[in-house]
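S.K.: Let me give you the structure first, and then I'll get to my questions.
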C-alpha cells in the first residue's frame with residue numbers, strides 16, 4: 001500500500017503544477033468553514049465539488065477525495081481485491097479504476113471546480129474537473145465487452161460523444177497471440193497479458209488528436225463538416241472576428257476578393273481535417289452545443305456530454321476558441337490518463353514482487369512485467385508532453401490566424417487605395433514638382 005500512496009502523492013504534485021492558472025484556490029463558501037463534517041456532507045452528498053481555501057488552510061480535495069480514491073482503488077475492504085493480493089489481475093485493475101472514477105457511487109470521483117466570480121455561492125461550471133466527463137475514462141472502460149455487454153460501465157451515458165461504438169475495431173486495439181485476443185474478456189478472462197501501455201495510450205492519443213482537429217477548424221469558424229457551406233462560413237468568420245454583420249458574401253467578395261479567396265481555401269482545408277476525425281462524433285457535439293445554448297457565463301450546471309459539447313463548440317460567444325472550458329477539458333483528460341498510468345504501474349510493481357517470491361518463477365517473467373511499467377511510463381510522458389505542446393501551438397494559432405486575415409484585409413485596402421485613389425493624383429504631384437524646380441543653371 002505504501003508504494004501506491006507514493007504514486008498518489010506524485011499524481012497530486014503533478015496536478016498542482018498543471019492547474020495553477022485554471023483552478024482558483026482562494027474562494028470560500030459554507031463548505032470551507034465546516035469542520036469535523038464528513039466528506040459526504042462537505043460535497044453535499046457528492047453533488048458539488050470539494051472546497052479549497054489557501055487562506056484558511058482548508059483542502060477538502062486532499063483530505064477527502066484523494067484518500068477516498070486511494071481506498072477505493074486499493075479495495076481495502078476485501079482482501080481478495082487488494083492491489084497487493086496474489087490473485088489481483090489486470091481485469092481487477094481496470095474494474096477498480098472504472099468503478100472508482102466512473103460509476104454512480106461517486107466515492108472516488110475526481111471532482112473539483114472553481115468558484116464563480118459572477119454569482120457568489122455558484123460554481124463556474126466551465127472549469128469543472130470531473131472524471132465523469134472524461135472521454136478517456138469512458139472510452140477505456142466501455143471498450144471492454146464480455147458476451148456483447150460492457151463489463152466495466154453501468155450505463156452508456158457518454159455514448160453520444162463517440163461516433164464509433166466499437167472502439168476496439170476502430171482503433172485496432174486487438175493484440176492477437178495464439179489465435180486469441182489478449183485484451184478480450186471473451187478470450188482471456190483476466191486479460192493479464194494485454195499490453196495496457198499500448199492499449200490505453202492509443203485511446204488517449206486518438207481522443208487528443210480528434211479534439212485538436214475540432215478546435216483548429218473552429219478557429220476558422222467551421223463547426224461541422226457535414227453541412228459545410230463555404231460562403232456561409234466566410235460570412236460567419238468575418239462577422240465573428242471583424243463585425244461585418246451587415247455584409248453578404250457577394251459584398252465581402254467584391255470588397256476583399258483576394259482575402260476571401262485565401263479564407264475559403266483555408267476553410268476547405270480544415271473541413272477536410274474535420275472529415276478525418278476518427279472517433280468523436282463532432283456533428284452530434286456541435287448539434288448538442290447548439291441545442292443546449294452553451295452559456296457565456298457558466299453559472300448553470302453543465303455536465304456529462306453537454307460539458308464536452310460546450311467545451312468544444314462554445315467559442316462563437318467568446319471571440320476566441322481557446323476558452324477556459326476547452327483548457328479544462330484537455331487537462332481533465334491528461335489528469336485521468338496519468339492517473340490510470342500510475343495505478344497500472346503500481347499494480348505491475350506489486351505483481352513483480354509477488355512473482356519474485358514464487359519458487360520456480362523465472363526472472364525473465366518478472367522482467368517482462370517490469371518492462372510493461374517502464375513502457376507505460378515512457379509512453380505517458382511522451383503523450384503528456386505532446387498534449388501540452390499541442391495546446392501551446394493551438395494558442396499561437398488561435399491568436400495569430402485572425403491577425404493574419406486582418407493583415408490581408410489591410411493590405412488589400414492599401415493596394416486598392418494605391419491603384420484607384422492615389423494613382424490619379426500622383427501625376428499632378430510630379431508635374432507640380434517639376435514646375436517648382438529651380439531651372440537656373442548653376443554658377
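The values are calculated or read from the model by the stated rules, or taken from the named source; none is laboratory data. None of the values given here were measured: they were computed from a predicted structure. We place every Cβ from the backbone using ideal geometry, glycine too, and count neighbours over all the protein chains shown.
S.K.: Is there a residue being within 19 Å of the chain's Cα centre (by Cα), part of a loop (DSSP other than H, G, I, E, B) and either farther than 30 Å from residue 258 by Cβ or modelled with pLDDT of 90 or more (or both) anywhere in the range 325-335?
M.R.: For the range 325-335, residues within 19 Å of the chain's Cα centre (by Cα), part of a loop (DSSP other than H, G, I, E, B) and either farther than 30 Å from residue 258 by Cβ or modelled with pLDDT of 90 or more (or both): absent.
S.K.: Same structure, new question: Only one of these is at pLDDT below 70, over 27 Å from residue 352 (Cβ atoms), crowded, with 17+ Cβ neighbours inside 10 Å and touching a helix residue (DSSP H, G or I) at 6+ places or on another chain (Cβ under 8 Å): 112, 138. Name it.
M.R.: Answer to the check: 112.
S.K.: When the range 165-182 is examined, which residues are found to be in a loop (DSSP other than H, G, I, E, B) and on the phi < 0 side of the Ramachandran plot?
M.R.: Result: 165, 166, 171, 173, 174, 175, 182.
S.K.: Here is a further query. Taking the stated definitions as given, is residue 382 under 26 Å from residue 324 (Cα atoms), part of a helix (DSSP H, G or I), more than 26 Å from the chain's Cα centre (by Cα) and at pLDDT 85 or above?
M.R.: Criteria not met by residue 382.
S.K.: Now for a different question. Can you say whether residue 391 is surrounded by 13 or more Cβ atoms within 10 Å (Cβ to Cβ), at pLDDT 85 or above and closer than 23 Å to residue 262 by Cβ, as far as the supplied structure shows?
M.R.: So residue 391 fails the test.
S.K.: Something else now. Is it the case that some residue within the range 273-280 is touching a strand residue (DSSP E or B) at 6+ places or on another chain (Cβ under 9 Å), under 24 Å from residue 314 (Cβ atoms) and in contact (Cβ under 8 Å) with a residue 12 or more places away in the chain?
M.R.: Taking every residue of the range 273-280 in turn, at least one turns out to be touching a strand residue (DSSP E or B) at 6+ places or on another chain (Cβ under 9 Å), under 24 Å from residue 314 (Cβ atoms) and in contact (Cβ under 8 Å) with a residue 12 or more places away in the chain.
S.K.: Out of 172, 180, I need the residue that is closer than 24 Å to residue 351 by Cα and surrounded by fewer than 17 Cβ atoms within 10 Å (Cβ to Cβ). Which one?
M.R.: Sole residue among the options that is closer than 24 Å to residue 351 by Cα and surrounded by fewer than 17 Cβ atoms within 10 Å (Cβ to Cβ): 180.
S.K.: Which of the residues spanning the range 196-210 are at pLDDT 95 or above and touching a helix residue (DSSP H, G or I) at 6+ places or on another chain (Cβ under 7 Å)?
M.R.: If the condition is that a residue be at pLDDT 95 or above and touching a helix residue (DSSP H, G or I) at 6+ places or on another chain (Cβ under 7 Å), then 200, 201, 203, 204, 205, 207, 208 are the ones that fit.
S.K.: For the range 183-210, which residues satisfy the criterion of being out of contact with any strand residue (DSSP E or B) (no Cβ under 7 Å at 6 or more places or on another chain) and assigned to a loop (DSSP other than H, G, I, E, B)?
M.R.: Within the range 183-210, 183, 184, 189, 190, 191, 192, 193, 194, 195 meet the criteria.
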